[in-house]
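To start, the structure under review is shown below, and the notes come after it.
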Amino acid sequence: MAAATKNAGTDAGVAGQEAHSTVGDGREFMKLRVAILYGGRSGEHEVSVRSARAVMDAMDAAKYEVVEYFIGKDGKWSPRPILPEPGAQPGIDVVFPVLHGTFGEDGTVQGLLELADVAYVGAGVLGSSVSMDKEMTKRVCAERGLPVIEYVTVMRENPDTAEACRALPFPMFVKPANLGSSVGISKARNCEELKAAVTLAAQYDRKVIVERAITGRELECAVLGNDAPVASLPCEILPSREFYDYDDKYLLDRAQTQVPADLPVEKTEELRRLAVECYRAVECQGMGRVDFLLETASGRLYINEINTIPGFTSISMYPKMWEHSGIPFAALIDRLIELALERHRRKNATRFTR
């Protein structure tokens, strides 16, 4: 993985040196002021808090001055909000949003940061919103010829499951289209269970995705970069329950992971290629984690979803995959910040008026 690690750094360049000089002649350099946004109004509030704490703990105190922005479940900011006005945040060099799910990973906060004209880690407005919506991700990937699982969309206003019962075989997975961490997801084995599952998922989003259930292995791959993204070694999730739900991810502490995943070389390379292609298709930047299902019967890989702000908790696989691929946690934080500054610099080269 030495080559992959080297390539991962070419996209960032030396952008991180622009905001504050880092010199090697004995003079003390100024720390980069990094605003950490965390908490938020989504069902993943607690996960966001844990991820943010892990990010802050991993940041090199000699390089960075951390400024915390906590958003409560009610949407209130503490100690103050970031204002949607250029120049209104003189104490911030770059923002690191560690907000999972709705109102954080869906393009809303990214739009605020664009209006504020500040550099920020991760995907922009388009990449965030497309990636957050599981149906839109499927549409974009399918247009690029990438493998996605067969699905039917059901709307909260018309929760008719008849089409899904006709079009897909049981069992099925039912998911809110715009949420993560397996919140609101359930498995349906018949039409009655499907109706109940849609009712549950519709509590979290007005759009619900019903998919054919895949019997196989759950795999993940981390991607890093802007215009030249690279993929990590993949990992495998070994759930302790029937599927990798919220409790299994964050509460039970019984799910196991294997990094790197035990796959043939050619399958590993196929998965990494598909991860990068998915990342590019949705116009992701900075970072992303692409989740896959490997069907046992067919041996085929399916793109399940992409997360533009993956977890950074002690059990999260995004930093673990990069660590196994040659980039430790602290260096990963450095790289993400460099990529954010580079992208902001490139955006500022664009004219917005005649």
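The values are calculated or read from the model by the stated rules, or taken from the named source; none is laboratory data. Note that the structure is a prediction, hence the values are computed from the model and not measured. Cβ coordinates were reconstructed from backbone atoms using ideal geometry, including for glycine residues, and neighbour counts include every protein chain displayed.
Observations on the model:
- Single match in Val140, Val47, Val95, Val55 (criterion: crowded, with 16+ Cβ neighbours inside 10 Å and in the same structural domain as Thr308 (by TED's automatic domain parsing)): Val140
- Contact annotation: residue pairs with Cβ atoms under 6 Å, 6 or more positions apart or on different chains, pairing a residue in the stretch 67-85 that is under 14 Å from Val109 (Cβ atoms) with a partner that is surrounded by fewer than 13 Cβ atoms within 10 Å (Cβ to Cβ), are Phe70/Ser78.
- Qualifying residue in the stretch 239-258 (condition: crowded, with 20+ Cβ neighbours inside 10 Å, at pLDDT 95 or above and part of a loop (DSSP other than H, G, I, E, B)): no
Residue-by-condition table, conditions (1) of a type in the set (Lys, Arg); (2) touching a Lys or Arg at 6+ places or on another chain (Cβ under 6 Å); (3) crowded, with 24+ Cβ neighbours inside 10 Å:
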site: Val265; (1), (2), (3): no, no, no
site: Thr268; (1), (2), (3): no, no, no
site: Arg273; (1), (2), (3): yes, no, no
site: Val282; (1), (2), (3): no, no, yes
site: Gly288; (1), (2), (3): no, no, yes
site: Phe292; (1), (2), (3): no, no, yes
site: Ala297; (1), (2), (3): no, no, no
site: Gly311; (1), (2), (3): no, no, yes
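- The residue pairs whose first member lies in the stretch 37-50 and is closer than 25 Å to Glu65 by Cβ and in contact (Cβ under 8 Å) with a residue 24 or more places away in the chain, whose second member is surrounded by 19 or more Cβ atoms within 10 Å (Cβ to Cβ) and of a type in the set (A, V, I, L, M), and whose beta carbons are closer than 6 Å, counting only pairs six or more residues apart or on different chains, are Leu37/Leu99; Tyr38/Ala52; Tyr38/Val98; Gly39/Ile71; Gly40/Ile71; Gly40/Leu99; Ser48/Val98; Ser48/Leu99.
- For the stretch 88-129, filtering for residues that are more than 30 Å from Val290 (Cα to Cα) and modelled with pLDDT under 95 leaves 3.
- Residues of the stretch 103-116 satisfying the condition of being more than 12 Å from the chain's Cα centre (by Cα) and touching a residue at least 40 places away in the same chain (Cβ under 8 Å): Phe103, Val109
- Verdict on Lys267 being at pLDDT 95 or above, part of a helix (DSSP H, G or I), over 24 Å from Tyr38 (Cβ atoms) and of a type in the set (Lys, Arg): yes
- Taken over the stretch 286-302, residues that are over 14 Å from the mean Cα position of the chain (by Cα) and in contact (Cβ under 8 Å) with a residue 40 or more places away in the chain amount to 8.
- Condition check for Thr353: touching a Cys at 6+ places or on another chain (Cβ under 7 Å) and among the polar types (S, T, N, Q): no
- Subset of the stretch 275-291 [within 17 Å of Tyr318 (Cβ to Cβ) and either outside any strand (DSSP E or B) or of a type in the set (S, T, N, Q) (or both)]: Ala275, Val276, Cys278, Tyr279, Val282, Cys284, Gln285
- Meets criteria (closer than 19 Å to Ile303 by Cβ and either polar (S, T, N, Q) or not assigned by TED's automatic domain parsing to the domain that holds Arg280 (or both)) for Lys207: yes
- Filter result for the condition that a residue is touching a Ser or Thr at 6+ places or on another chain (Cβ under 7 Å) and either outside any strand (DSSP E or B) or within 20 Å of His45 (Cα to Cα) (or both), over Phe103, Phe96: Phe103
- Of the residues making up the stretch 145-166, those that are out of contact with any Phe, Trp or Tyr (no Cβ under 7 Å at 6 or more places or on another chain), in contact (Cβ under 8 Å) with a residue 12 or more places away in the chain, surrounded by 12 or more Cβ atoms within 10 Å (Cβ to Cβ) and of a type outside the set (A, V, I, L, M, F, W, C) are Glu150, Tyr151, Thr153, Arg156, Pro159, Thr161.
- Just one residue in the set Leu179, Leu115 is more than 19 Å from Tyr279 (Cα to Cα) and not in a strand (DSSP E or B); that residue is Leu115.
- Residue check for Asp117: surrounded by fewer than 22 Cβ atoms within 10 Å (Cβ to Cβ), under 19 Å from Trp77 (Cβ atoms) and either acidic (Asp, Glu) or in contact with a Cys (Cβ under 6 Å, 6 or more places away or on another chain) (or both): yes
- Selection count where residues are closer than 15 Å to Asp205 by Cβ and part of a loop (DSSP other than H, G, I, E, B), scope the stretch 118-151: 1
- Residues (of a type in the set (S, T, N, Q) and either in contact with a Ser or Thr (Cβ under 8 Å, 6 or more places away or on another chain) or under 9 Å from Ala222 (Cβ atoms) (or both)) located in the stretch 312-334: Thr313, Ser316, Ser325
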